[in-house]
1. Please state which one of B:Gly187, B:Gly235 is more than 18 Å from B:Pro144 (Cβ to Cβ) and within 14 Å of chain C (Cβ to nearest Cβ).
2. Output the residues belonging to the stretch B:160-206 that are acidic (Asp, Glu), within 23 Å of the chain's Cα centre (by Cα) and either open to solvent by less than 40 Å² (accessible area, probe 1.4 Å) or modelled with pLDDT under 90 (or both).
3. Return yes or no: is A:Ala320 open to solvent by less than 50 Å² (accessible area, probe 1.4 Å), under 19 Å from the mean Cα position of the chain (by Cα), within 14 Å of chain B (Cβ to nearest Cβ) and of a type in the set (Gly, Ala, Ser)?
4. Among the listed residues A:Leu274, A:Leu288, A:Leu284, A:Leu311, identify the single one that is buried (at least 23 other Cβ atoms within 10 Å of the Cβ) and away from chain B (no Cβ under 14 Å).
5. Looking only at the stretch D:44-62, which residues are assigned to a helix (DSSP H, G or I) and open to solvent by less than 30 Å² (accessible area, probe 1.4 Å)?
6. Checking C:Val37 against (1) within 14 Å of another protein chain (Cβ to nearest Cβ); (2) closer than 21 Å to C:His121 by Cβ; (3) buried (at least 18 other Cβ atoms within 10 Å of the Cβ): exactly one of these is not met. Which one?
7. Considering only strands (runs of 3 or more DSSP E) fully contained in the stretch C:13-74, which possess at least 1 residues that are on the phi > 0 side of the Ramachandran plot, among the acidic types (Asp, Glu) and free of Cβ contacts under 8 Å to residues at least 24 places away in the same chain?
8. Quick one: how many residues across the stretch A:30-64 are open to solvent by 40 Å² or more (accessible area, probe 1.4 Å), outside any helix (DSSP H, G or I) and at negative phi?
Amino acid sequence: MDQMFVNIKAALVGLSDKVFPDWVGVLVSIAVSIVAIALLGPLIMMYLTLIERKVVARMQNRIGPNRVGKYGLLQPLADGVKMLIKEDIVPRNADKVLHLLAPILIVAPALLVFAVLPFGRNMTAVDLNVGILFFAAISSIGTIGIFMAAWGSNNKFSVLGGMRSVAQMISYEIPMVMSVVPVLLAVGSLSTNAIVEAQADWHWFVFTPWGFLGCVIFFLCGVAECNRSPFDLAEAESEIIAGFHTEYSGMKFALFYMAEFMSAFTISGMTTTLFLGGWQGPLLPSWLWFFLKTYGLIFIMLWFRATLPRLRVDQLMALAWKFLLPLSLVNIVATCIWHFLSDEAFFTPAAFLVPLALLVFSYWGLMKLNQPYMPEKRVYPLVD
Amino acid sequence: MFEKMRVKTKVIDSGKSGLDTQTLEVNVGPQHPSTHGVFRMTIVLDGEVVKSLRPVMGYLHRNHEQIAENITYSASMPYTDRLDYFNSMSNNQAWAMTVEQLAEVEIPDRAEYIRVIMSELTRLVNHVSVIGFLLNDMGAFFTPTLFAFREREKVLDVFEAVSGSRMMCNYLRFGGVNRDLTDDQLGQIKKIVADFPAFLDEFETLLAQNEIVCMRCQNVGVLPAELAINASITGPMLRASGVNYDIRKVDQYSVYDRFEFKIPLGEKGDVYDRYYVRMLEMRESLKILNQALEQIEPGPFMAPKVPACLKNPRNFKPPVGEAYGRVEAPKGELGFYVVSDGSKEPWRYHVRAPSFINLTVLEAMCIGYKLADAIVILGSIDIVLGEVDR
Amino acid sequence: MTLDEVKRHIEKHLPGVALKPVRESLLVENPLDLPRVVEFLKADGVLQLNYLSSVTGVDYLTFLECVYHLYSMENKTYSLQLRVRVDRENPHVPSLVPIFRGAEFQEREAYDMYGFQFDGHPDLRRILMWDGYVGYPMRKDYKQEDSEVLDRDDIEWLQKHGVSVAEEHIKMAESLQTGGESEQPESEQTEG
Amino acid sequence: MPQLEFLIKCGVYGLMGLGIIAAVGAVLLPNLFHAGLALAFVLVTIAGIFMSVGAEFLGMVQILLYVGGVMTLIIYTIMLTGRLGAKDVRAQNRQGIFAAIAAGFFVCWIGPLILKTGAWPQRESDSAPPLLSVEDLGMSLMTEYVFPFEVLGVLLFAVLIGAIVIARQDRPS
């Protein structure tokens, strides 16, 4: 079970080796990976929309889609068909080239990142030795796509959304990368596979103080990176209609959704890989563990969406620069302390408590320095 | 070449802060998810900060007043439903009261109690929905709205049972109400009133201390009491600014003098106060409802001693004169000014719409805040375009 | 305080202001006195009518009337209705916006519907009808321009379905179409 | 496997060609926004070339840094030259002559270096370890090149403070 997909791929490559020269085998191996990812991405996206609608509906005393297929399982297909046959409207004054290219440029990076996600044991499409860097670099390309869409639409709401999005992505990129550094320090490699391997035997990094903090920061920044609630300012429906994709319709619009959901998946997958032990886990096949953990995190994202109102621009920026960034820098120091105190063992009291004390202290200090907004208690007189 | 460049630098330096900043004029509306209808705000933005804001309305204008001047008095009743289509019962009440004042009609007690029950239920419906919408404007993904709508549906069921329609009730008549309340319906209302506090507690736990809600609402869109009075603001918005003025207490119209209830006042007049005053008003409404349900007694629901002019509603001719009737509608003071020339149609029919006049201070509240705040402030005013544009 | 007492009270403090009781209200004989009266009522220690509830116009065919409902937020028992009467052709009324901001939208509405010229209003534009609209729809002599006129599209539709349309209807539709476009800016200057 | 080598070679030359076209576009496109995007594309192709010769780390850093950089550049061009709502941000190549002279000097300086280098690819084979691993890079930054590294750090710090000072002046009082 565990190596099911790996074996299928090996069989396919073996089959081609029997018939074709060996260099074709290499191409087949690449092609199989590409096809698998190119199918997996949209498939995950389609069913994430269904999951989102179902979960959010349950949180809102509703049932959610249940008409197309059993439990609405064919709803994504129906949506897809609807999107495909919808009229594609391009505003007359839009920059046609940019308007066309933008959705593609947003989806491509979101799909590319799937290449370095370790879906299971031996199930990384490309085991790059700079995997994490690849993830950070490629996911930042999406910003250009968003701004292209915003600018190309020639709509003021879109430009506002694009501006917000760029500011937000550039700001959250920094604490996000900084919160990965502790993991790299602990593992000593940029490869996603090596990071998962290092977390074998329940040595998940989330169980260490720095790992826990890093996990929270990374996940929050990730939520902000893929423009999801409560950080969905770039497409804030109630303020700027749909932000950068206001002027899109039909399949192009669906592509933006696809990118959003796929990056929600990759962010959750990356958090799993970096902090939650990736595919490590007992009994169940490794890929199942990966998906379980990832969908757990996605559930948290949906939970955010269903319950939290949106932050304002200045509050969003303040959170990134005044709070998450300093905390992630302190986290690096804490990791170094952990590294030198732990002496190769995962759990030693000193290695646990000293970084914890440092982090708690700096958290407290940052709260003191920033003086974040505390809800005011108010008294409302009742008069005649 | 260098000449040109120097000119360019000069332009850049001309701003006050040393930077030449561009302003961006954005038309929020008339088609926009958060303008609560076809309402438009022309906002000039500097970055994200609102520099000026001009409300533009009239997209839903159908000259309600002229329509009413060309039809009989009682035919206007269903049109008043469409003013503030969330609160048809209290609109009916205001119109019925005005005409009764004009024709000097006495209303039986039971009818008054039914009217009070209906208009307080309306207040519950309006306030829960407006809080839900406010949260939507803040970016919550429909959850508070749907929680609110679950309760609203229960009340609408009652409205449907008594009047035949959920929203456009057309229930009140000059001299009373259209139909009597049965004991079943009273029981239904009693159940709603008994269950409502639990819902309010839940709603409050979810929202009142939520950090993001507080960050977005507190000290945003402050409306000082002096400005509120000067700009004729009424309703929860006025009371959130700390002014004690509730027409139910001031005029003591209908049977409001028989109930024990208080008026909650806000502290600062910001969005949060406007939200919370509405929460507290709902609790007071529940108190009124409880008392009204206890005190209501069997009896006639239409005026028994009908004046000659009221015998045939289609031929209803009030005496020559004029009247200004006002009630505390959920959104503020809803007034009807009617001038009668003794004919079947009113000579003049005017609606003093609270949403319309409350919009006066929108710009004053929004300037200096962010675009996102402007949306929330608009949401906290609580407008309905049927009433703004009439 | 009865209406008579209020009348005497005002006339004592504001000599030269002529007031006349009409039904339950006071008519300010000279519209130019209105701001003085309202300002006095607002500041007066007894009445404290600091809340302008409603401003609206009425068309009495021979003259136009502007009706003001004043209430007090401090002294909750008093209320007063004021009215001014102006010529239909030249309906100039001093604006109350400098005293009560709440009059801003209501005066604009009265201007929009009845054509009152509120002198001193900071931003007297149409509010419910669109810019460039000609006429004041709430006046009793207002004729809806298209109540008996067929639209050009209607005529086309009728002709397509084999219904013959009288020549005068076609002419009217044409004149409406072209006249409305060319006249608009001109009439706005004269009316507005 | 020579066939694969050939395919990779084709890909890299294609990448180079695209890069040159995009570079020309970055200079010549009349719309500044398009020019900025072309520049970003050039940088991505260069990153691709880096990756193809085994310098994955460099390639990734190239994308990571320059994409953000180009984005900021584009936004500044729009904010400084065009109107936010307007479609056109026209480039004005007023200093074309100076630019051409500067580019000429640069070509004269770097051209001989390019000619000196042998034919592509420089790497022996795919199985050989990369010429420079991330560890080596880190080590040399911390030992041999520690002084320039620190100077850069100080410079960036100064830039940061400067940015804060400029942003602060905006506020009244």
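The values are calculated or read from the model by the stated rules, or taken from the named source; none is laboratory data. Being a predicted model, the structure only gives us computed values, none of them experimental. Note that each Cβ is placed from the backbone with ideal geometry, even for glycine, and that neighbours are counted across all protein chains shown. With ligands, DNA and RNA removed, areas are computed over all heavy atoms of the protein, side chains included. Shrake-Rupley method; radii C 1.70, N 1.55, O 1.52, S 1.80 Å.
1. Values: B:Gly187 fails: within 14 Å of chain C (Cβ to nearest Cβ).
Of the residues listed, the single one that is more than 18 Å from B:Pro144 (Cβ to Cβ) and within 14 Å of chain C (Cβ to nearest Cβ) is B:Gly235.
2. Across the stretch B:160-206, the qualifying residue is only B:Glu204.
3. Details: open to solvent by less than 50 Å² (accessible area, probe 1.4 Å): yes; under 19 Å from the mean Cα position of the chain (by Cα): yes; within 14 Å of chain B (Cβ to nearest Cβ): no; of a type in the set (Gly, Ala, Ser): yes.
Considered against the rule, which asks whether it is open to solvent by less than 50 Å² (accessible area, probe 1.4 Å), under 19 Å from the mean Cα position of the chain (by Cα), within 14 Å of chain B (Cβ to nearest Cβ) and of a type in the set (Gly, Ala, Ser), A:Ala320 comes out as no.
4. Values: A:Leu288 fails: buried (at least 23 other Cβ atoms within 10 Å of the Cβ); A:Leu284 fails: buried (at least 23 other Cβ atoms within 10 Å of the Cβ); A:Leu311 fails: away from chain B (no Cβ under 14 Å).
From the options A:Leu274, A:Leu288, A:Leu284, A:Leu311, the qualifying one is A:Leu274.
5. Residues of the stretch D:44-62 assigned to a helix (DSSP H, G or I): D:44-52, D:56-62.
Result: D:Thr45, D:Ala47, D:Gly48, D:Gly59, D:Met60, D:Gln62.
6. If we test C:Val37 against (1) within 14 Å of another protein chain (Cβ to nearest Cβ); (2) closer than 21 Å to C:His121 by Cβ; (3) buried (at least 18 other Cβ atoms within 10 Å of the Cβ), just (1) comes out false.
7. Working: elements: C:19-22, C:25-28, C:51-59, C:63-71.
It comes to none.
8. First, the residues of the stretch A:30-64 that are open to solvent by 40 Å² or more (accessible area, probe 1.4 Å): A:30-31, A:34-36, A:38-40, A:43, A:46-47, A:51, A:53-54, A:58-59, A:61-63.
From the residues that got through so far, the ones that are outside any helix (DSSP H, G or I) too are A:61-63.
Retained after the next criterion (residues that are at negative phi): A:62-63.
The number of residues fulfilling the criteria is 2.
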